[in-house]
Protein chains: 4
Amino acid sequence: MSVRVALIGCGVMGADHARILAEDVSGAVLQVICDADQERARQVAEHCDTKDLSDDAEGVIFRKDVDAVMIASPDDTHVPLILAALSAGKPVLCEKPLSQDSMECLRVVEAETGLGRRLVTVGYMRRFDLPYARMKLALEDGSLGRAVMMHNFHRNVHAPPSFTGQMAITNSAPHEFDVVRFVLGTEFSAVSVFQAKCGVSGPTGAPVVMILETYEGQLVTVEVNVNAVYGYDVRAELVGEKGSMSMNVPSPVALNRDLTSLERFPADWRPRFHEAYRLQNKDWINSVLTGSPSKIGASAWDGYCASAVAEASVQSLSENRKIKIRLAEMPKLYRI
Amino acid sequence: MSVRVALIGCGVMGADHARILAEDVSGAVLQVICDADQERARQVAEHCDTKDLSDDAEGVIFRKDVDAVMIASPDDTHVPLILAALSAGKPVLCEKPLSQDSMECLRVVEAETGLGRRLVTVGYMRRFDLPYARMKLALEDGSLGRAVMMHNFHRNVHAPPSFTGQMAITNSAPHEFDVVRFVLGTEFSAVSVFQAKCGVSGPTGAPVVMILETYEGQLVTVEVNVNAVYGYDVRAELVGEKGSMSMNVPSPVALNRDLTSLERFPADWRPRFHEAYRLQNKDWINSVLTGSPSKIGASAWDGYCASAVAEASVQSLSENRKIKIRLAEMPKLYRI
Amino acid sequence: MSVRVALIGCGVMGADHARILAEDVSGAVLQVICDADQERARQVAEHCDTKDLSDDAEGVIFRKDVDAVMIASPDDTHVPLILAALSAGKPVLCEKPLSQDSMECLRVVEAETGLGRRLVTVGYMRRFDLPYARMKLALEDGSLGRAVMMHNFHRNVHAPPSFTGQMAITNSAPHEFDVVRFVLGTEFSAVSVFQAKCGVSGPTGAPVVMILETYEGQLVTVEVNVNAVYGYDVRAELVGEKGSMSMNVPSPVALNRDLTSLERFPADWRPRFHEAYRLQNKDWINSVLTGSPSKIGASAWDGYCASAVAEASVQSLSENRKIKIRLAEMPKLYRI
Amino acid sequence: MSVRVALIGCGVMGADHARILAEDVSGAVLQVICDADQERARQVAEHCDTKDLSDDAEGVIFRKDVDAVMIASPDDTHVPLILAALSAGKPVLCEKPLSQDSMECLRVVEAETGLGRRLVTVGYMRRFDLPYARMKLALEDGSLGRAVMMHNFHRNVHAPPSFTGQMAITNSAPHEFDVVRFVLGTEFSAVSVFQAKCGVSGPTGAPVVMILETYEGQLVTVEVNVNAVYGYDVRAELVGEKGSMSMNVPSPVALNRDLTSLERFPADWRPRFHEAYRLQNKDWINSVLTGSPSKIGASAWDGYCASAVAEASVQSLSENRKIKIRLAEMPKLYRI
């Protein structure tokens, strides 16, 4: 028994998702591959041994030989395509963000609530990354006591010159917001954003440091440095009442040469989170097969929360003051 | 297009292989599951959503709806089952060792040579472990210069009281022999074995230290300590002309508690080599689909070599002197 | 040629300083040991092979057989004793803080400025800690580019129940303020302080997180968690335009036991900064011998700055808003 | 009360020892500095603020204003100068080796035994290195159980082309022999030596691997690689019945740059063992002051043992077989 998947969008992430389904998880068939750019679709299809191509995203969603939909097309197509999948009654895994506009996110939440069952998963894949899972477990099994703080560092090698601090908040920080919510199991109540005025790319692309407060009284720091130059480096430390847990930078070997011992950083997020993506997609295929929503993956509600926190953070940056975060009321559908 | 696999043997490793094929690689179907113990077979089959059970190992090999055979049954069944698969002309992945008796291994080599094509893969999965792959790469890309030494440490938590140094050599050390041959790309010329006379389990289960010499003049040390108590710990360091590369003990997080920072060891080899097993099985399924032997996996010849080195090592231990290693001549079939 | 030192104050730090002078640096003689508690003075003197005891702190400062003064008495005695040493024209090394009251600090600055030469060193010993020295060097030699951020973590095992966030700022954070100023070579322009509302000791002793901005546009975070429970742990990371440098938690060995690999934290700051204290005292004795102020040690001006930043931080905590930091004008005497 | 020291030999080590006594330990006065090369002596003296120079090594030993003798002159002068110090009844700290000739070492042992009190310390400074001290402690406090194995790695950046495997054994390996004896508290019973036939410097300078057996049945491996190229790197792991303890390569910081995280190796042994030398010299000065031999430092007997094991190892290398190690009987004077 296999899940017949329509993949919509064949950019970097779409191609990666296709490869994972074609090689690294059981139970999925890439039924049709869809992209406005047919040449791009053809290349991915060839690599994945799929024949069926399309450039009609809505069309493939409604095809009878399609069981589930994977969306990796541009951000502004996410909400309309998800709404289409919901009206077709089909499970959908959509790349993050659900939408940068939290009101748009709420439209998805409302549609799903109206349907009365959860079909949407947002691709916040870090929930499947082992270090974060261990942190969550350390809170659940009591080995850290209750959480007190969490420190998060998000560093990319380079961003384009036009990439602003605001874009760092709307594009990169939601990963942090989501995984902190996942690990801590609580919501943010306020955010204060600071931006450096220096750095290799000047003030525009200078790093952003956020301090978030939660309803449990915890402090969370998030640094987003999209011009860190030295490597793609994501790290976190969870501080609890009994101790702390920190993520190790994973490197399989150390090379000793030229009076140094060195370990390599990845150049971008894909090698770092390769296994998290695989586990996310495996979990999703399994949830489609069993017909019950994932216990780990991000829901539409989670997607809304991440975007709402990003909006408050953008406001804090532009107004240079602490912003209280006010979320809509969570529908019952999302209570676990 | 899927490979229909007959799994023979449902012990710990057989169950793991079944789960990997059922969940973590694409392209395989567990067509039939075979074990003398039908209850054990049934449990594995249920978990993997397979219906077809059997207790006739030779029978399933010759079934028309079976494309390839995976052998995880007791060691002494390996050779006869492989010979059956060869006579059926079907690819086979067999758990290590090929046989503890190098003469038996040669029977497989001869049968395969007679057939004129390579169908046998031996499950020395460490070849797919990332740290070893990086070491091999560091020799190939010149970043370490040529290899000079390799140090290898193999530690289990506990072995049964009856587990002798000789058994450590025949059961555990072949993993080391094979992966060193794989990384260095050369053969051993001599081995000298030493055994401690102390340890938690007394002289019988005391650790063994081997010094192997290669035809290139390299020195290789192998420690096998099956009663290391503190954890399952496999490590290696490759020393080259320009530097060295050492395997990091992989741990996703560090837990800081009670005046210590601690990282966990696995209790046995399965979590440590989980991804290596997955990549091995993926590579094997792919080689079956493409009809060409794996470039990474261990061949029947490799299986023979590991067992021959183990035999020389046992002789060195019992005669307390250096033993020259004399291999049969490698058939052309195995030259790359 | 030896420096005859009067030690004033025989508490924990005084006893440590005495031991360092008596054992671990050349060139110093403990001429007289002074404490209001004569029994305590006697114990330290005995350990250090000194005969001369006193309970008259001002008196020993003016003794002819005393070349230099080391002050480790209670915080509120620092300024009057330093002023006495200045009026005696004698070099003085005083434990931190110079005073918690920045106006008091300025009195020392003015007295020293009036004297026209620098005689005061404040015991901010972290300037002599190797990791911080390497960070400073990495900015000077260009290997990191210019500084962009610095993250600092200060964690103690336990504080008394009455120890508040404000006390964390006035007692612990000045170490961070001083060493960041030392590494970055710039001044802070503003500070925003946040306190968690949870933790093992309740809201009173909950951790404090500060975000400081510098005149160069850098962001500096300082976490002070005096109830971290798991160990004494001070860490820092300096982020520059070309990369980052992070402090390793120093541990000489790893112990592998019980399925874990563990490294020990110290229980307090003294083992962690043992060598920094030794190097500080060595540097101070050397500066007395050569008659020129230390190039590394903290001056009275540095002592003032640390206290002034702490005062602004306390204000930020109590008023829950960003506070601009306004320093007095630096006298020429302190320009290097 | 100060120890007036005559320093004999102003090469690299002599200059280091002079600097340590002049700066980093209390209680010593460099009374006279002696070297055949007066210019070299003058430079060291100037740096250490000493006036008195000499080129008469035996003469300074017998001077009345000299309390103790520190010998850092060429190896072949060690025994005659020590014998002179013994006849003068003065404590002596002599650089390693006592002598490369174990028979010569025994002459010192006999002279000291005849004197009836221990005056000789051999500069095997690793006994004062913190990681080795922790290993010894872990055996004493039971946290590792009894020792089963010890693995030792000794790597230099480069040796001269003429530096042979035999020289690696006589010059470098005695450090390993001594510190293993110190940690384990037992004697070696046999040694088997292997040399690689390849490496950056060809077979002559190829690495040597030794397997030593102890009277307690333990196995000890020692690798000496004097052309390791990548850095000065000394490491050890002690394996006990309950677990293992491994030495961390000490680095105060990690530098993240250019897609790598890197830590620096020292270029030679002096930065690595800087603190061990200081503690050794401090311990020696203290033992002179108290008139009782050090409980940690290596005795003349220890110096003999290290040289005797080196001789057996050279024989094993040249005869290509295991050599039993036969020590003289230990005089009562050295029993603790």
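Roughly how many Å is it from the Cα centre of the range A:285-336 to that of the range B:27-72, as a whole number?
45
Mean projection of the alpha-carbon convex hull of chain D over all orientations, in nm²?
Dividing the Cα hull surface by four gives the mean projection, 18.5 nm².
Round to a whole number: what % of the accessible area of the protein assembly as shown belongs to carbon and sulfur, probe 1.4 Å?
Roughly 52 percent, rounded to a whole number.
Spin-label point model (7 Å from Cα, Cβ direction): what's the D:D141 to B:E140 distance in nm?
My value for the distance between the label points is 4.7 nm.
For the modelled label position 7 Å from the Cα of B:K324 along Cα-to-Cβ, which residues of the range D:192-221 have backbone nitrogen atoms closer than 11 Å?
Label zone hits: none.
Taking the Cβ-Cβ separation of C:S292 and A:V12 as r and a Förster radius of 51 Å, what is the calculated FRET efficiency to the nearest 0.05?
The computed FRET efficiency comes out at 0.25.
Report the paramagnetic label zone for A:S2: residues of the range A:42-82 whose backbone N is under 18 Å from a point 7 Å from Cα along the Cα-to-Cβ axis.
Output list for this probe position: A:44-54, A:63-70.
How much accessible area per residue does the protein assembly as shown have, in Å², with a 1.4 Å probe?
Averaged over the residues of the protein assembly as shown, the accessible area is 37 Å².
Using a ≥ b ≥ c from the Cα gyration tensor of the range D:15-125 (square roots of the eigenvalues), is it rounded, prolate or oblate, where a/c under 1.5 gives rounded and otherwise the larger of a/b and b/c decides, a/b for prolate?
prolate
What nm distance separates the two modelled labels at B:K332 and D:R335, each placed 7 Å from Cα along Cα→Cβ?
Each label point is offset 7 Å from its Cα along the Cβ direction, giving 7.4 nm.
Quick check: the angle from helix D:173-184's long axis to the longest principal axis of chain D, C-alpha only, nearest 10 degrees?
Its long axis makes an angle of about 80 degrees.
Relative to 2.2 N^0.38 Å, what does the C-alpha radius of gyration of the range A:1-58 come to as a ratio? Two decimals please.
Dividing the Cα radius of gyration by 2.2 N^0.38 Å gives 0.99.
What distance in nm separates the two pseudo spin-label positions at B:N248 and D:D258, each 7 Å out from Cα along the beta-carbon direction?
So the label points at B:N248 and D:D258 sit 1.9 nm apart.
Can you run phi through the Karplus equation (6.51, -1.76, 1.60; θ = phi - 60°) for the range B:19-35 and list ³J(HN,Hα) in whole Hz, with x for Gly and Pro?
3J(HN,Hα) across the range B:19-35, in whole Hz: 5, 4, 5, 7, 10, 10, 9, 8, x, 10, 10, 6, 6, 8, 10, 10, 7.
Which of the trypsin sites (Lys or Arg not before Pro) across the range A:1-81 are loop residues per DSSP, with 13 or fewer other Cβ within 10 Å?
Here the sparse-neighbourhood loop sites are A:K51, A:K64.
What percent of all Cα-Cα pairs in the range C:65-113 falls into each 10 Å bin, going from 0 up to the bin containing the maximum distance?
27, 61, 12, 0
Does a label point 7 Å from the Cα of B:H158, set along Cα-to-beta-carbon, have any residues of the range D:205-243 with amide nitrogen under 17 Å, and which are they?
Label zone hits: D:241-243.
Taking only Cα atoms, what is the 0 to 90° angle, nearest 10, from helix D:274-290's long axis to the longest principal axis of chain D?
Here the helix axis deviates by roughly 50 degrees.
Are there any residues in the range B:135-165 with a reduction of at least 20 Å² in accessible surface when going from the isolated chain to the assembly of protein chains? Probe 1.4 Å, please list them by number.
Listed in order, they are B:S143, B:V148, B:M149, B:H151, B:F153, B:R155.
In degrees, nearest 10, range 0 to 90: what is the angle between the Cα axis of helix C:300-319 and the longest Cα principal axis of chain C?
Approximately 40 degrees, to the nearest 10.
Please compute, for the alpha-carbon atoms of the protein assembly as shown, the extent along each of the three principal axes and give them in descending order in Å.
Computed over the Cα atoms, the extents are 101, 81, 46 Å.
Rounded to the nearest 100 Å², what is the sum over both chains of accessible area buried where D meets A, with a probe of 1.4 Å?
1200
What would the Debye equation give as log₁₀ I(q)/I(0) for the range D:99-219 at q = 0.09, 0.12, 0.17, 0.23 Å⁻¹, counting only Cα atoms as equal point scatterers?
These q points yield log10 I(q)/I(0) values of -0.33, -0.58, -1.06, -1.34.
Work out the mean other chain Cβ neighbour count within 10 Å for the residues of B:188-196 and drop it here as an integer.
3
Within a 10 angstrom radius of each residue's Cβ in C:92-105, how many Cβ atoms of other chains show up on average? Whole number is fine.
0
In the range B:3-30, what residues drop by 40 Å² or more of accessible area when the other protein chains are put back, versus the chain on its own? Use 1.4 Å, and skip ligands and nucleic acids.
B:E23, B:D24, B:S26
So how many Lys-Lys pairs in chain B land under 17 Å Cα to Cα, not counting same-chain pairs under 8 apart?
Counting lysine pairs in chain B gives 6.
The values are calculated or read from the model by the stated rules, or taken from the named source; none is laboratory data. Remember, predicted model here, so these are calculated numbers, not experimental data. When we count neighbours, we look across all protein chains shown, and the Cβ atoms used for this are built from the backbone with ideal geometry, even at glycine. Just so you know, the surface numbers come from the protein's heavy atoms only, side chains and all, with ligands and any DNA or RNA stripped out. Shrake-Rupley method; radii C 1.70, N 1.55, O 1.52, S 1.80 Å.
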